[in-house]
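Student: Right, I'll just put the structure down here and ask away after.
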Amino acid sequence: MRANIVPFMLQSAEENMNNDASRDFTWQELVGGGLIWQIPLVFGGHAKPLVFSEGVNLGQHVVAHEIDATTETAAHEILSDIMAAHQAGDIHTTARYKCKNPLRWLSMIYPAVCNPRFVGLFFPGDTLLGWLSFSTSPSMPGKAIIGAVIRPKYRNAGLGTAAMLHAQKYLHDIVRDESITGIFFDTQERNARVMAIARRIKAVEAGRRVDELRGGEIMVSFTSEVALDA
Ligand SMILES: CC(C)(COP(=O)(O)OP(=O)(O)OC[C@H]1O[C@@H](n2cnc3c(N)ncnc32)[C@H](O)[C@@H]1OP(=O)(O)O)[C@@H](O)C(=O)NCCC(=O)NCCS
């Protein structure tokens, strides 16, 4: 079920003052809609504490929650991260998003037919630290194609690794498609962080290719079969 939540920024000042962000929220409040999140979420979508968060060095626990990317607010956040990572040379996209028509641009990168889902990584309450995308392709039967962005401020703290381990553990709860039995991701060979994560999560290298359209960039792809959710 998709739910549009009033973006936190659109709340009145008075409402904001009544939100005591310093208190500890119960898990029921977090996932049950007791809080107004900055990013619209999918209620009934994947919502779990991040697994292996003991390996994440950010000083707070992290929750994973499906983002409602059919909303302009969420689409804008995702696209902003994609464009920043593209400009930094970490990923490549043909999109040229400039804060207009976010839903149209997002559907260009993630067509609806690929059944995209986005799982955000949050400090409880609102701060979006990064996200994973899950999509399918007829050329990759049985696999969820994963994309990932951790926002620069939160990198190198183990969050990307924990997020991928989370994806492996909860793949079925996230994609809700019994025909999906594993994950696939690819990266530029020079993307040392992704190569390190692939080793850490014991993904299997599935192939290499030279991408002539991107100046001869070497792309490496990985797969991993996953167990049924515990
Ligand atoms: C790739 C990305 C998701 C990783 O997230 P992260 O939270 O920084 O990842 P982690 O902290 O869990 O792990 C990073 C690993 O890279 C290593 N690393 C970090 N900087 C590095 C560098 N400059 N050179 C080599 N290795 C490096 C870390 O030591 C760690 O490996 P380890 O666990 O073996 O020690 C994040 O950096 C990102 O969003 N990058 C931009 C977008 C992108 O490249 N997305 C992936 C597309 S496939």
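The values are calculated or read from the model by the stated rules, or taken from the named source; none is laboratory data. Note that the structure is predicted; figures quoted are calculated from it, not measured. Here the Cβ positions follow ideal geometry from the backbone for every residue, glycine too, while neighbour counts run over all protein chains shown.
Student: Could you pull out the residue among Ala163, Ala157 that is within 9 Å of the ligand (Cβ to nearest atom), outside any helix (DSSP H, G or I) and closer than 22 Å to Leu50 by Cα?
Tutor: Values: Ala163 fails: outside any helix (DSSP H, G or I).
Result: Ala157 is the single residue among Ala163, Ala157 that is within 9 Å of the ligand (Cβ to nearest atom), outside any helix (DSSP H, G or I) and closer than 22 Å to Leu50 by Cα.
Student: Name the residues in segment 124-133 that are touching a residue at least 60 places away in the same chain (Cβ under 8 Å) and either more than 22 Å from Gly44 (Cβ to Cβ) or of a type in the set (S, T, N, Q) (or both), would you?
Tutor: Thr127, Leu129
Student: Name every residue in segment 186-229 that is in a helix (DSSP H, G or I) and acidic (Asp, Glu), in order of residue number.
Tutor: Across segment 186-229, the qualifying residue is only Glu212.
Student: How many of the residues in segment 190-219 are more than 9 Å from the ligand (Cβ to nearest atom) and in contact with a helix residue (DSSP H, G or I) (Cβ under 7 Å, 6 or more places away or on another chain)?
Tutor: Result for segment 190-219: 1.
Student: Applying the selection to segment 117-132, what residues are more than 11 Å from Gln38 (Cα to Cα) and aliphatic (A, V, I, L, M)?
Tutor: Val119, Leu121, Leu129, Leu132 - these are the residues of segment 117-132 that are more than 11 Å from Gln38 (Cα to Cα) and aliphatic (A, V, I, L, M).
Student: Within segment 103-123, is even one residue more than 17 Å from the chain's Cα centre (by Cα) and touching a residue at least 40 places away in the same chain (Cβ under 8 Å)?
Tutor: Among the residues of segment 103-123, not one is more than 17 Å from the chain's Cα centre (by Cα) and touching a residue at least 40 places away in the same chain (Cβ under 8 Å), which makes the answer no.
Quick grid of which residues meet (1) buried (at least 20 other Cβ atoms within 10 Å of the Cβ); (2) without any contact (Cβ under 8 Å) to a residue 24 or more places away in the chain; (3) in a strand (DSSP E or B):
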{"position": "Glu54", "(1), (2), (3)": "no, yes, no"}
{"position": "Gln60", "(1), (2), (3)": "no, no, no"}
{"position": "Glu66", "(1), (2), (3)": "yes, no, yes"}
{"position": "Thr70", "(1), (2), (3)": "no, no, no"}
{"position": "Glu77", "(1), (2), (3)": "yes, no, no"}
{"position": "Ser80", "(1), (2), (3)": "no, yes, no"}
{"position": "His86", "(1), (2), (3)": "no, yes, no"}
{"position": "His92", "(1), (2), (3)": "no, no, no"}
{"position": "Tyr97", "(1), (2), (3)": "yes, yes, no"}
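Student: Something else now. List the number of the failed condition for Ile150; all other conditions in (1) near the ligand (Cβ under 6 Å from one of its atoms); (2) without any contact (Cβ under 8 Å) to a residue 40 or more places away in the chain; (3) within 21 Å of Ala64 (Cα to Cα); (4) over 15 Å from the mean Cα position of the chain (by Cα) hold.
Tutor: Ile150 satisfies all of (1) near the ligand (Cβ under 6 Å from one of its atoms); (2) without any contact (Cβ under 8 Å) to a residue 40 or more places away in the chain; (3) within 21 Å of Ala64 (Cα to Cα); (4) over 15 Å from the mean Cα position of the chain (by Cα) except (4).
Student: Please identify the pairs in which a residue from segment 212-223 that is loosely packed, with under 11 Cβ neighbours inside 10 Å has its Cβ atom under 6 Å from the Cβ atom of a residue that is at pLDDT 95 or above, counting only partners at least 6 apart or on another chain.
Tutor: Gly216/Val210
Student: Has segment 114-130 got at least one residue that is surrounded by fewer than 21 Cβ atoms within 10 Å (Cβ to Cβ), within 11 Å of the ligand (Cβ to nearest atom) and under 24 Å from Ser221 (Cα atoms)?
Tutor: No - not one qualifying residue is present in segment 114-130.
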